[in-house]
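Here the structure comes first, spelled out in structure tokens, and everything after it is commentary.
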Amino acid sequence: RQRWLAACRGLGDAGWPVLDRAPGGGPRRWRLGELAVAWSAVAG
């Protein structure tokens, strides 16, 4: 679990727009194995 949380934070630190606040993301969601990024980062 600690490695997954560190990986989620690391992606945010690397410049990915990881959602880190509720309701779309954040540590509570990360603990469930969910990672959300801003739509603008993945929109085609």
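Things worth noting here:
- For the chain, the fraction of alpha-carbon pairs in successive 5 Å shells from zero, as %: 6, 25, 34, 23, 10, 2, 0
- 0 to 90° range, to nearest 10: angle between helix 2-13 axis and the chain longest Cα axis: 30
- Apportionment of accessible area to carbon and sulfur, the chain, percent (1.4 Å): 53
- In sequence order, the stretch 19-25 has phi-based couplings of 6, 10, 9, 5, x, x, x Hz under the Karplus curve 6.51 cos²θ - 1.76 cosθ + 1.60, θ = phi - 60°, and Gly or Pro positions carry x.
- Cα→Cβ-extended label distance, 7 Å offset, between residue 20 and residue 2, nm: 2.0
The values are calculated or read from the model by the stated rules, or taken from the named source; none is laboratory data. Computed from a predicted structure; not experimentally measured. Counting neighbours? That spans all protein chains shown, and the Cβs are built from the backbone with ideal geometry, glycine included. Protein only, heavy atoms only, side chains kept; ligands, DNA and RNA dropped before computing areas. Shrake-Rupley method; radii C 1.70, N 1.55, O 1.52, S 1.80 Å.
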